[in-house]
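Beneath this line is the structure, given in C-alpha coordinates, with notes to follow.
The values are calculated or read from the model by the stated rules, or taken from the named source; none is laboratory data. Everything quoted here is computed from the prediction, not taken from an experiment. Note: ideal-geometry Cβ built from the backbone for every residue, glycine included; neighbour counts use all protein chains shown. Areas reflect the complete protein model, heavy atoms only, side chains present, ligands, DNA and RNA absent. Shrake-Rupley method; radii C 1.70, N 1.55, O 1.52, S 1.80 Å.
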Amino acid sequence: MQANGLDERTNLLVEEYSTSGRLDNITQVMSIHTQYLESFLRSQFYMLRMDGPLPLPYRHYIAIMAAARHQCSYLINMHVDEFLKTGGIAEWLNGLEYIPQRLKNLNEINKLLAHRPWLITKEHIQKLVKTGENNWSLPELVHAVVLLAHYHALASFVFGSGINPERDPDTSNGVRLIAVNNFCVCDLANDNNIENASLTSSNFGIADSLSELEALMERMKRLQEDKEDEEASQEEMATRFEKEKKESLLVISGAFDDEIVSTDVSRYIEDPGFGYKDFARRGEDHLPTFRAQDYTWENHGFSLVNRLYSDIGHLLDEKFRMVYNLTYNTMATHEDVDTTTLRRALFNYVHCMYGIRYDDYDYGEVNQLLERSLKVYIKTVTCYPERTTKRMYDSYWRQFKHSEKVHVNLLLMEARMQAELLYALRAITRHLT
(Lines give C-alpha, C1' and ligand atoms only; values in the text may rest on other atoms or scores of the structure.)
Protein backbone atom coordinates (compact mmCIF):
# COMPACT_ATOMS: atom_id res chain seq x y z
CA MET A 1 0.00 0.00 0.00
CA GLN A 2 1.39 3.43 -0.91
CA ALA A 3 2.15 6.02 1.78
CA ASN A 4 -0.90 8.18 1.04
CA GLY A 5 -3.13 5.08 1.08
CA LEU A 6 -1.67 4.16 4.46
CA ASP A 7 -2.34 7.67 5.79
CA GLU A 8 -5.93 7.49 4.57
CA ARG A 9 -6.37 4.13 6.26
CA THR A 10 -4.85 5.37 9.54
CA ASN A 11 -7.05 8.48 9.56
CA LEU A 12 -10.16 6.40 8.94
CA LEU A 13 -9.33 3.98 11.77
CA VAL A 14 -8.59 6.84 14.18
CA GLU A 15 -11.91 8.47 13.25
CA GLU A 16 -13.82 5.22 13.75
CA TYR A 17 -12.18 4.68 17.15
CA SER A 18 -13.03 8.20 18.31
CA THR A 19 -16.66 7.81 17.12
CA SER A 20 -17.48 4.36 18.48
CA GLY A 21 -14.87 3.94 21.23
CA ARG A 22 -13.71 0.62 19.77
CA LEU A 23 -11.81 -0.68 16.79
CA ASP A 24 -13.22 -4.09 16.08
CA ASN A 25 -11.59 -6.75 13.93
CA ILE A 26 -14.18 -6.34 11.15
CA THR A 27 -13.12 -2.72 10.73
CA GLN A 28 -9.44 -3.64 10.76
CA VAL A 29 -9.83 -6.31 8.06
CA MET A 30 -12.04 -4.08 5.88
CA SER A 31 -9.54 -1.24 6.25
CA ILE A 32 -7.43 -2.92 3.54
CA HIS A 33 -10.04 -1.33 1.25
CA THR A 34 -10.38 2.17 2.70
CA GLN A 35 -12.85 3.54 0.14
CA TYR A 36 -15.21 0.67 0.78
CA LEU A 37 -14.77 0.82 4.57
CA GLU A 38 -15.78 4.47 4.63
CA SER A 39 -18.99 3.64 2.76
CA PHE A 40 -19.68 0.61 4.99
CA LEU A 41 -19.19 2.54 8.23
CA ARG A 42 -21.41 5.38 7.06
CA SER A 43 -24.35 3.10 6.27
CA GLN A 44 -23.90 0.96 9.42
CA PHE A 45 -23.63 4.06 11.63
CA TYR A 46 -26.81 5.44 10.06
CA MET A 47 -28.87 2.27 10.57
CA LEU A 48 -27.65 1.74 14.17
CA ARG A 49 -27.24 5.23 15.63
CA MET A 50 -28.93 7.97 13.62
CA ASP A 51 -32.57 9.06 13.71
CA GLY A 52 -34.77 6.29 12.33
CA PRO A 53 -38.10 4.55 12.86
CA LEU A 54 -36.82 2.00 15.44
CA PRO A 55 -35.66 2.63 19.03
CA LEU A 56 -31.92 2.01 19.56
CA PRO A 57 -32.23 -1.15 21.72
CA TYR A 58 -34.56 -2.72 19.11
CA ARG A 59 -31.91 -2.18 16.43
CA HIS A 60 -29.27 -4.10 18.38
CA TYR A 61 -31.68 -6.87 19.34
CA ILE A 62 -32.64 -7.32 15.68
CA ALA A 63 -28.89 -7.54 14.88
CA ILE A 64 -28.61 -10.33 17.50
CA MET A 65 -31.59 -12.21 16.01
CA ALA A 66 -30.08 -11.95 12.51
CA ALA A 67 -26.57 -13.07 13.57
CA ALA A 68 -28.04 -16.00 15.51
CA ARG A 69 -29.47 -17.52 12.31
CA HIS A 70 -25.83 -18.29 11.38
CA GLN A 71 -24.63 -18.95 14.94
CA CYS A 72 -22.31 -15.95 14.70
CA SER A 73 -21.23 -15.53 18.34
CA TYR A 74 -18.86 -12.74 17.37
CA LEU A 75 -21.68 -10.44 16.20
CA ILE A 76 -24.08 -11.63 18.92
CA ASN A 77 -21.64 -10.69 21.69
CA MET A 78 -20.90 -7.34 20.08
CA HIS A 79 -24.59 -6.41 19.97
CA VAL A 80 -25.45 -7.82 23.40
CA ASP A 81 -23.01 -5.20 24.75
CA GLU A 82 -24.47 -2.46 22.55
CA PHE A 83 -28.05 -3.48 23.45
CA LEU A 84 -27.32 -3.00 27.15
CA LYS A 85 -25.41 0.25 26.58
CA THR A 86 -28.37 1.76 24.71
CA GLY A 87 -30.77 0.98 27.55
CA GLY A 88 -32.04 -2.44 26.47
CA ILE A 89 -33.91 -4.57 29.04
CA ALA A 90 -31.45 -7.20 30.30
CA GLU A 91 -34.21 -9.82 30.67
CA TRP A 92 -34.63 -9.93 26.86
CA LEU A 93 -31.15 -11.47 26.66
CA ASN A 94 -32.53 -14.64 28.29
CA GLY A 95 -34.05 -15.54 24.93
CA LEU A 96 -36.93 -15.05 22.50
CA GLU A 97 -39.63 -16.01 25.01
CA TYR A 98 -38.70 -12.92 27.06
CA ILE A 99 -39.12 -10.34 24.29
CA PRO A 100 -42.26 -8.40 23.30
CA GLN A 101 -44.64 -10.13 20.88
CA ARG A 102 -43.92 -7.41 18.35
CA LEU A 103 -40.26 -8.46 18.06
CA LYS A 104 -41.22 -12.15 18.16
CA ASN A 105 -43.32 -11.54 15.06
CA LEU A 106 -40.08 -10.87 13.14
CA ASN A 107 -38.93 -14.48 13.58
CA GLU A 108 -40.55 -15.75 10.39
CA ILE A 109 -39.19 -13.03 8.10
CA ASN A 110 -35.76 -13.30 9.75
CA LYS A 111 -35.69 -17.05 9.04
CA LEU A 112 -36.87 -16.71 5.43
CA LEU A 113 -34.58 -13.77 4.60
CA ALA A 114 -31.56 -15.60 5.99
CA HIS A 115 -32.10 -18.91 4.23
CA ARG A 116 -34.80 -18.84 1.51
CA PRO A 117 -35.74 -15.25 0.69
CA TRP A 118 -37.59 -16.34 -2.48
CA LEU A 119 -40.40 -17.62 -0.20
CA ILE A 120 -41.24 -14.13 1.14
CA THR A 121 -44.65 -12.95 -0.06
CA LYS A 122 -46.88 -9.92 0.44
CA GLU A 123 -48.87 -12.07 2.93
CA HIS A 124 -45.86 -12.10 5.27
CA ILE A 125 -45.76 -8.32 5.06
CA GLN A 126 -49.52 -7.97 5.63
CA LYS A 127 -49.31 -10.18 8.71
CA LEU A 128 -46.67 -7.89 10.24
CA VAL A 129 -48.34 -4.58 9.45
CA LYS A 130 -51.90 -5.70 10.32
CA THR A 131 -51.65 -7.45 13.68
CA GLY A 132 -53.45 -4.94 15.90
CA GLU A 133 -51.53 -3.68 18.92
CA ASN A 134 -48.32 -5.48 17.89
CA ASN A 135 -48.31 -4.20 14.33
CA TRP A 136 -45.28 -2.74 12.55
CA SER A 137 -45.49 0.47 10.55
CA LEU A 138 -43.98 0.19 7.06
CA PRO A 139 -41.04 2.51 7.92
CA GLU A 140 -40.28 0.39 11.01
CA LEU A 141 -40.50 -2.80 8.97
CA VAL A 142 -38.17 -1.46 6.27
CA HIS A 143 -35.66 -0.43 8.97
CA ALA A 144 -35.90 -3.95 10.47
CA VAL A 145 -35.49 -5.65 7.07
CA VAL A 146 -32.40 -3.54 6.26
CA LEU A 147 -30.87 -4.51 9.63
CA LEU A 148 -31.68 -8.23 9.18
CA ALA A 149 -30.20 -8.33 5.67
CA HIS A 150 -27.14 -6.34 6.80
CA TYR A 151 -26.35 -8.72 9.67
CA HIS A 152 -27.04 -11.94 7.76
CA ALA A 153 -24.58 -10.71 5.13
CA LEU A 154 -22.08 -9.46 7.72
CA ALA A 155 -22.09 -12.94 9.31
CA SER A 156 -20.98 -14.22 5.89
CA PHE A 157 -18.08 -11.74 5.93
CA VAL A 158 -17.09 -12.61 9.52
CA PHE A 159 -16.92 -16.36 8.83
CA GLY A 160 -15.49 -15.93 5.33
CA SER A 161 -12.64 -13.79 6.67
CA GLY A 162 -12.12 -15.94 9.80
CA ILE A 163 -12.61 -12.99 12.13
CA ASN A 164 -11.94 -13.75 15.79
CA PRO A 165 -13.08 -11.92 18.92
CA GLU A 166 -10.99 -9.00 20.12
CA ARG A 167 -8.94 -9.26 23.28
CA ASP A 168 -11.20 -9.02 26.28
CA PRO A 169 -9.93 -7.24 29.42
CA ASP A 170 -12.52 -9.10 31.54
CA THR A 171 -10.92 -12.52 31.13
CA SER A 172 -7.79 -13.72 32.86
CA ASN A 173 -5.78 -14.53 29.74
CA GLY A 174 -7.04 -11.52 27.78
CA VAL A 175 -8.95 -13.51 25.13
CA ARG A 176 -12.60 -14.42 25.04
CA LEU A 177 -12.53 -17.95 23.67
CA ILE A 178 -15.08 -18.09 20.91
CA ALA A 179 -12.77 -19.39 18.24
CA VAL A 180 -14.16 -18.69 14.82
CA ASN A 181 -11.38 -19.95 12.56
CA ASN A 182 -7.61 -20.12 12.53
CA PHE A 183 -7.02 -17.04 10.44
CA CYS A 184 -4.90 -14.31 11.92
CA VAL A 185 -6.52 -10.90 11.68
CA CYS A 186 -3.05 -9.34 11.66
CA ASP A 187 -2.24 -11.35 8.51
CA LEU A 188 -5.39 -10.15 6.79
CA ALA A 189 -5.05 -6.54 7.90
CA ASN A 190 -1.40 -6.40 6.86
CA ASP A 191 -2.16 -8.17 3.59
CA ASN A 192 0.53 -10.84 3.94
CA ASN A 193 0.59 -12.99 0.84
CA ILE A 194 -1.16 -16.30 1.49
CA GLU A 195 1.34 -18.23 -0.60
CA ASN A 196 3.38 -19.63 2.30
CA ALA A 197 0.40 -20.45 4.50
CA SER A 198 -1.62 -22.26 1.90
CA LEU A 199 0.96 -23.86 -0.34
CA THR A 200 2.97 -25.57 2.36
CA SER A 201 -0.11 -27.45 3.54
CA SER A 202 -1.23 -28.38 0.06
CA ASN A 203 -0.27 -30.98 -2.51
CA PHE A 204 0.15 -28.33 -5.17
CA GLY A 205 3.46 -26.73 -5.98
CA ILE A 206 4.02 -23.06 -6.72
CA ALA A 207 4.26 -23.85 -10.44
CA ASP A 208 0.76 -25.38 -10.37
CA SER A 209 -0.84 -22.41 -8.70
CA LEU A 210 0.99 -20.01 -11.03
CA SER A 211 -0.29 -21.89 -14.07
CA GLU A 212 -3.82 -21.72 -12.54
CA LEU A 213 -3.47 -17.96 -12.39
CA GLU A 214 -2.24 -17.71 -15.98
CA ALA A 215 -5.09 -19.97 -17.15
CA LEU A 216 -7.67 -17.77 -15.41
CA MET A 217 -6.24 -14.63 -16.99
CA GLU A 218 -6.26 -16.33 -20.38
CA ARG A 219 -9.95 -17.28 -19.97
CA MET A 220 -10.80 -13.68 -19.01
CA LYS A 221 -9.03 -12.41 -22.10
CA ARG A 222 -10.75 -14.96 -24.36
CA LEU A 223 -14.19 -14.10 -22.97
CA GLN A 224 -13.59 -10.45 -23.77
CA GLU A 225 -12.58 -11.31 -27.35
CA ASP A 226 -15.50 -13.73 -27.88
CA LYS A 227 -17.94 -11.12 -26.68
CA GLU A 228 -16.83 -8.81 -29.45
CA ASP A 229 -17.27 -11.58 -32.05
CA GLU A 230 -20.67 -13.06 -31.29
CA GLU A 231 -23.62 -12.70 -28.95
CA ALA A 232 -25.73 -15.62 -27.70
CA SER A 233 -29.50 -15.57 -28.32
CA GLN A 234 -31.93 -14.74 -25.50
CA GLU A 235 -33.08 -18.38 -25.42
CA GLU A 236 -29.51 -19.61 -25.12
CA MET A 237 -28.81 -17.08 -22.33
CA ALA A 238 -31.92 -18.23 -20.43
CA THR A 239 -30.90 -21.88 -20.82
CA ARG A 240 -27.40 -21.15 -19.49
CA PHE A 241 -28.88 -19.41 -16.44
CA GLU A 242 -31.22 -22.32 -15.63
CA LYS A 243 -28.32 -24.77 -16.02
CA GLU A 244 -26.09 -22.72 -13.70
CA LYS A 245 -28.91 -22.28 -11.17
CA LYS A 246 -29.58 -26.02 -11.08
CA GLU A 247 -25.88 -26.84 -10.81
CA SER A 248 -25.44 -24.35 -7.96
CA LEU A 249 -27.90 -26.42 -5.89
CA LEU A 250 -25.60 -29.42 -6.25
CA VAL A 251 -22.50 -27.56 -5.05
CA ILE A 252 -21.98 -28.74 -1.50
CA SER A 253 -19.22 -28.15 0.98
CA GLY A 254 -19.06 -31.71 2.30
CA ALA A 255 -21.30 -33.92 4.41
CA PHE A 256 -22.48 -32.13 7.53
CA ASP A 257 -24.68 -33.45 10.27
CA ASP A 258 -26.93 -30.91 11.90
CA GLU A 259 -24.68 -28.59 13.84
CA ILE A 260 -24.91 -28.48 17.61
CA VAL A 261 -25.93 -24.96 18.56
CA SER A 262 -24.76 -23.61 21.92
CA THR A 263 -27.43 -22.32 24.31
CA ASP A 264 -25.84 -18.85 24.13
CA VAL A 265 -26.93 -18.76 20.50
CA SER A 266 -29.99 -21.05 20.43
CA ARG A 267 -31.95 -18.83 22.84
CA TYR A 268 -32.19 -16.29 20.00
CA ILE A 269 -33.30 -18.78 17.30
CA GLU A 270 -36.72 -20.16 16.42
CA ASP A 271 -36.76 -23.28 14.20
CA PRO A 272 -32.95 -23.83 14.17
CA GLY A 273 -33.21 -26.69 11.66
CA PHE A 274 -34.51 -24.42 8.90
CA GLY A 275 -31.86 -23.50 6.33
CA TYR A 276 -30.84 -23.28 2.69
CA LYS A 277 -29.47 -26.85 3.02
CA ASP A 278 -32.99 -28.35 3.38
CA PHE A 279 -33.81 -27.08 -0.04
CA ALA A 280 -30.96 -28.94 -1.79
CA ARG A 281 -31.14 -31.96 0.48
CA ARG A 282 -34.78 -32.72 -0.22
CA GLY A 283 -34.14 -32.75 -3.92
CA GLU A 284 -36.64 -29.95 -4.56
CA ASP A 285 -34.95 -28.63 -7.64
CA HIS A 286 -37.51 -25.94 -8.35
CA LEU A 287 -36.15 -22.57 -7.33
CA PRO A 288 -38.35 -19.95 -9.00
CA THR A 289 -36.53 -17.47 -11.24
CA PHE A 290 -36.66 -13.80 -10.24
CA ARG A 291 -36.11 -11.75 -13.40
CA ALA A 292 -33.96 -8.86 -12.20
CA GLN A 293 -35.37 -6.60 -14.93
CA ASP A 294 -38.87 -6.90 -13.40
CA TYR A 295 -37.75 -5.56 -10.02
CA THR A 296 -34.33 -3.91 -9.89
CA TRP A 297 -32.54 -2.26 -7.01
CA GLU A 298 -31.88 0.87 -9.12
CA ASN A 299 -35.45 1.38 -10.40
CA HIS A 300 -37.62 -0.08 -7.65
CA GLY A 301 -35.91 -1.11 -4.39
CA PHE A 302 -33.85 2.07 -3.99
CA SER A 303 -36.80 4.49 -4.23
CA LEU A 304 -39.03 2.39 -1.95
CA VAL A 305 -36.37 2.21 0.79
CA ASN A 306 -35.64 5.92 0.53
CA ARG A 307 -39.32 6.80 0.71
CA LEU A 308 -39.96 4.74 3.85
CA TYR A 309 -36.62 5.17 5.62
CA SER A 310 -35.04 8.36 4.35
CA ASP A 311 -31.44 8.43 3.13
CA ILE A 312 -30.63 4.77 3.78
CA GLY A 313 -31.29 4.09 0.08
CA HIS A 314 -28.54 6.53 -0.92
CA LEU A 315 -26.09 5.03 1.58
CA LEU A 316 -26.80 1.44 0.50
CA ASP A 317 -26.65 2.38 -3.16
CA GLU A 318 -23.26 4.01 -2.69
CA LYS A 319 -22.01 0.87 -0.88
CA PHE A 320 -23.29 -1.51 -3.60
CA ARG A 321 -21.73 0.60 -6.36
CA MET A 322 -18.49 0.97 -4.44
CA VAL A 323 -17.93 -2.77 -4.01
CA TYR A 324 -19.05 -3.62 -7.55
CA ASN A 325 -16.70 -1.09 -9.16
CA LEU A 326 -13.79 -1.35 -6.71
CA THR A 327 -10.62 -2.37 -8.51
CA TYR A 328 -6.88 -1.84 -8.34
CA ASN A 329 -6.42 -3.38 -11.81
CA THR A 330 -4.25 -6.12 -10.34
CA MET A 331 -4.45 -9.90 -10.06
CA ALA A 332 -1.88 -11.41 -7.71
CA THR A 333 1.46 -10.22 -9.15
CA HIS A 334 -0.01 -8.89 -12.42
CA GLU A 335 -0.82 -5.23 -12.99
CA ASP A 336 -3.01 -3.36 -15.51
CA VAL A 337 -5.62 -6.13 -15.53
CA ASP A 338 -9.28 -5.38 -16.22
CA THR A 339 -11.07 -7.50 -13.57
CA THR A 340 -14.62 -6.41 -14.50
CA THR A 341 -15.69 -9.83 -15.85
CA LEU A 342 -14.43 -11.58 -12.71
CA ARG A 343 -16.18 -9.18 -10.31
CA ARG A 344 -19.41 -9.47 -12.26
CA ALA A 345 -19.21 -13.30 -12.27
CA LEU A 346 -18.79 -13.37 -8.46
CA PHE A 347 -21.70 -10.98 -7.85
CA ASN A 348 -24.03 -12.64 -10.35
CA TYR A 349 -23.23 -16.16 -9.14
CA VAL A 350 -24.45 -15.24 -5.65
CA HIS A 351 -27.66 -13.87 -7.16
CA CYS A 352 -27.98 -16.99 -9.31
CA MET A 353 -27.95 -19.17 -6.15
CA TYR A 354 -30.93 -17.10 -4.97
CA GLY A 355 -32.73 -17.52 -8.31
CA ILE A 356 -32.09 -13.96 -9.57
CA ARG A 357 -31.40 -13.72 -13.31
CA TYR A 358 -30.04 -10.81 -15.38
CA ASP A 359 -31.32 -11.06 -18.96
CA ASP A 360 -28.25 -9.34 -20.37
CA TYR A 361 -25.68 -11.55 -18.61
CA ASP A 362 -24.21 -14.71 -20.12
CA TYR A 363 -24.03 -17.25 -17.29
CA GLY A 364 -21.60 -19.30 -19.35
CA GLU A 365 -19.00 -16.83 -18.01
CA VAL A 366 -19.56 -18.08 -14.45
CA ASN A 367 -18.52 -21.60 -15.43
CA GLN A 368 -15.45 -20.38 -17.25
CA LEU A 369 -14.22 -18.03 -14.53
CA LEU A 370 -15.17 -19.66 -11.23
CA GLU A 371 -13.38 -22.93 -10.51
CA ARG A 372 -15.02 -25.67 -8.47
CA SER A 373 -13.20 -24.90 -5.20
CA LEU A 374 -14.19 -21.22 -5.50
CA LYS A 375 -17.84 -22.17 -6.11
CA VAL A 376 -17.78 -24.36 -2.98
CA TYR A 377 -16.33 -21.43 -1.03
CA ILE A 378 -18.93 -18.96 -2.40
CA LYS A 379 -21.84 -21.29 -1.69
CA THR A 380 -20.62 -21.97 1.85
CA VAL A 381 -19.86 -18.35 2.76
CA THR A 382 -23.15 -17.15 1.29
CA CYS A 383 -25.62 -19.90 2.26
CA TYR A 384 -24.18 -21.47 5.42
CA PRO A 385 -21.23 -19.32 6.51
CA GLU A 386 -20.89 -21.06 9.89
CA ARG A 387 -19.39 -24.03 8.00
CA THR A 388 -16.56 -22.05 6.38
CA THR A 389 -13.07 -23.42 7.07
CA LYS A 390 -9.58 -22.06 6.55
CA ARG A 391 -8.93 -24.91 4.12
CA MET A 392 -11.74 -23.63 1.87
CA TYR A 393 -10.30 -20.11 2.02
CA ASP A 394 -6.83 -21.39 1.14
CA SER A 395 -7.95 -23.79 -1.58
CA TYR A 396 -8.95 -21.25 -4.23
CA TRP A 397 -6.76 -18.66 -6.00
CA ARG A 398 -3.64 -19.73 -4.15
CA GLN A 399 -1.40 -17.05 -5.68
CA PHE A 400 -3.68 -14.17 -4.70
CA LYS A 401 -3.11 -11.73 -1.86
CA HIS A 402 -5.26 -11.56 1.27
CA SER A 403 -6.55 -8.16 0.16
CA GLU A 404 -7.92 -9.75 -3.03
CA LYS A 405 -9.66 -12.49 -1.06
CA VAL A 406 -11.10 -9.93 1.36
CA HIS A 407 -12.37 -8.09 -1.74
CA VAL A 408 -14.09 -11.35 -2.81
CA ASN A 409 -15.73 -11.57 0.64
CA LEU A 410 -16.95 -7.96 0.36
CA LEU A 411 -18.51 -8.74 -3.04
CA LEU A 412 -20.21 -11.86 -1.67
CA MET A 413 -21.51 -9.97 1.36
CA GLU A 414 -23.00 -7.10 -0.66
CA ALA A 415 -24.44 -9.41 -3.34
CA ARG A 416 -26.14 -11.43 -0.60
CA MET A 417 -27.51 -8.34 1.14
CA GLN A 418 -28.87 -6.97 -2.14
CA ALA A 419 -30.52 -10.33 -3.00
CA GLU A 420 -32.30 -10.45 0.38
CA LEU A 421 -33.44 -6.84 0.01
CA LEU A 422 -34.78 -7.41 -3.51
CA TYR A 423 -37.06 -10.22 -2.34
CA ALA A 424 -38.25 -8.37 0.79
CA LEU A 425 -38.80 -5.04 -1.00
CA ARG A 426 -40.63 -6.72 -3.87
CA ALA A 427 -43.04 -8.25 -1.31
CA ILE A 428 -43.55 -4.82 0.32
CA THR A 429 -44.21 -3.26 -3.11
CA ARG A 430 -46.78 -5.97 -3.86
CA HIS A 431 -48.43 -5.30 -0.50
CA LEU A 432 -48.71 -1.61 -1.41
CA THR A 433 -50.20 -2.17 -4.87
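Numbers for the structure displayed
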{"read-out": "In Hz, Karplus ³J(HN,Hα) per residue of region 74-81 (6.51, -1.76, 1.60; θ = phi - 60°; x = Gly, Pro)", "value": "4, 6, 4, 4, 4, 8, 4, 4"}
{"read-out": "Peptides ranked, highest mean first, by Cβ atoms within 10 Å: ranges 323-334, 32-43", "value": "32-43, 323-334"}
{"read-out": "Heavy atoms of Lys390 accessible to a 1.4 Å probe, total area in Å² rounded to 10", "value": "60 Å²"}
{"read-out": "In Hz, Karplus ³J(HN,Hα) per residue of region 214-221 (6.51, -1.76, 1.60; θ = phi - 60°; x = Gly, Pro)", "value": "4, 5, 5, 5, 5, 5, 4, 5"}
{"read-out": "Subset of Lys127/Lys390; Lys245/Lys405; Lys319/Lys379; Lys127/Lys375; Lys111/Lys405; Lys122/Lys375 violating a 30 Å alpha-carbon distance limit", "value": "Lys127/Lys390; Lys127/Lys375; Lys122/Lys375"}
{"read-out": "Cβ-based charge dipole, region 98-141, positive-most Cα from Ser137, Asn105, Ile120", "value": "Ile120"}
{"read-out": "Estimated dipole of region 13-110 in Debye, rounded to 20 [Cβ of Lys and Arg +1, of Asp and Glu -1, Cα centre]", "value": "160 debye"}
{"read-out": "Residue among His402, Thr429, Val376 farthest towards the positive dipole end of region 368-433, charges placed on Cβ", "value": "Val376"}
{"read-out": "Estimated vicinal HN-Hα couplings, Hz - region 122-129 in sequence order (Karplus 6.51, -1.76, 1.60; Gly, Pro = x)", "value": "5, 5, 4, 5, 4, 4, 6, 8"}
{"read-out": "Tensor-based shape of region 30-104 (alpha-carbon gyration tensor, a/c under 1.5 rounded, otherwise prolate or oblate)", "value": "prolate"}
{"read-out": "Placed amide H near Ile356: partners under 5 Å, 5+ positions off or other chain", "value": "Phe290"}
{"read-out": "Inter-part distance where region 398-433 and region 348-382 are each reduced to a Cα centre, Å", "value": "12 Å"}
{"read-out": "Packing-based order for 421-430, 231-240, 150-159, using average beta carbon neighbours within 10 Å, highest first", "value": "150-159, 421-430, 231-240"}
{"read-out": "Interchain or long-range residues, amide H under 5 Å from Thr330's placed H", "value": "Val337"}
